[in-house]
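Below is one structure; the comments refer to it alone.
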Amino acid sequence: RKEVEQDPGPFNVPEGATVAFNCTYSNSASQSFFWYRQDCRKEPKLLMSVYSSGNEDGRFTAQLNRASQYISLLIRDSKLSDSATYLCVVNPPRGTSYGKLTFGQGTILTVHP
Amino acid sequence: EADIYQTPRYLVIGTGKKITLECSQTMGHDKMYWYQQDPGMELHLIHYSYGVNSTEKGDLSSESTVSRIRTEHFPLTLESARPSHTSQYLCASSGGQGIYEQYFGPGTRLTVT
């Protein structure tokens, strides 16, 4: 089983739609979680850090379910500019891998007019 | 917004040449990373450093080497470039006790002919 798994999509949604991505992680002791956004042929950019049960930033809401070991990202009122690949990222538990973030393969989102 | 720089942005070079990809950050971050990413594929960690004079190999085996003589500088060297080294190389940094969000540079797109 991969350490971090995401549905690769692609998700094709119209402007204004609400879309949600899920991500599962294998190590129950993982400490911290992030969502990154990566545009085509660009570097990943931090979108949100996911704290405790979840947090919200404008149209974006991230949730963490430790019991089920999944993280979700909800995007409301989608804009054309939201089209990108969304990367689920997990920081392993303390030990030799601590600080070496594990990146999921990414979920592709395309928002169309 | 993070201040992390990579040069060159694009490099086309012949087989057998020695190359050094530069990465610098001005945030005083103690942790720095090198990733390799092919188009449409996942990020793979190839090297990381948790401080000056500390370097470790990442999860993906790489023929490249790195050094960390100064906090702000983390260059990657390929002694003899081959076509299989053609890829995008992304540098990242993170800093502060217990802070593991990584900030990426714009990347170097390397093509070995």
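All of the numbers you see were taken from the coordinates with simple rules; none came from a lab. On a predicted model such as this, the values are computed, not experimentally measured, just so you know. Methodologically, a virtual Cβ is constructed for each residue, glycine included, from the backbone with ideal geometry; neighbour enumeration extends over all protein chains shown.
Since only A:Leu87, A:Gln38, B:Met32 are under comparison, the one whose Cα sits farthest along the positive direction of the charge dipole of the protein assembly as shown, derived from C-beta charges on Lys, Arg, Asp and Glu, is B:Met32. Evaluated with a Cβ-only charge set (Lys, Arg +1; Asp, Glu -1), chain B carries a dipole of roughly 400 debye about its Cα centre, given to the nearest 20. Peptide B:42-51 has a mean of 3 when you count, residue by residue, the C-beta atoms of other protein chains within 10 Å of its C-beta. Shape verdict for chain A, please, from the Cα gyration tensor: rounded (a/c under 1.5), prolate (a/b greater than b/c) or oblate. Cα axes put chain A in the prolate bin.
Measuring nothing but how far apart in sequence close Cα pairs (under 8 Å, 6+ apart) lie, relative to its length, chain B scores a relative contact order of 37 percent.
The number of Lys pairs in the protein assembly as shown with C-alpha atoms less than 27 Å apart, excluding pairs fewer than 8 positions apart on the same chain, is 21. Net charge near A:Gly16, counting Lys/Arg +1 and Asp/Glu -1 over other residues with Cβ under 13 Å of its Cβ? Cβ neighbours under 13 Å give a net charge of 0.
Counted by Cβ distance under 14 Å from A:Tyr70, the other residues give a net charge of 0, where Lys and Arg count +1 and Asp and Glu count -1. Need the C-alpha centroid separation for region A:1-78 versus region B:53-113, integer Å. The two parts, judged by their Cα centres, are 25 Å apart.
Whole-Hz Karplus values for region B:40-56 come out as x, 10, 6, 6, 10, 6, 10, 8, 8, 9, 9, x, 4, 6, 10, 9, 9 Hz, taken residue by residue from phi with 6.51 cos²θ - 1.76 cosθ + 1.60 and θ = phi - 60°; glycine and proline positions read x. Length available on full extension from B:Thr111 to B:Thr7: 0.36 nm per residue minus the Cα-Cα distance, which gives 36.0 nm.
Note on B:27-33: average number of Cβ atoms from other chains within 10 Å of each residue's Cβ is 1.
Under unit Cβ charges (Lys, Arg +1; Asp, Glu -1), what dipole magnitude, rounded to 20 debye, does region A:18-85 have relative to its Cα centre? Write out the running numbers ahead of the final one.
Details: 8 positive and 6 negative charges, 22 e Å.
So the magnitude is around 100 debye.
Peptide A:41-50 is shielded by partner chain Cβ atoms: per residue, an average of 5 of them sit within 10 Å of its Cβ.
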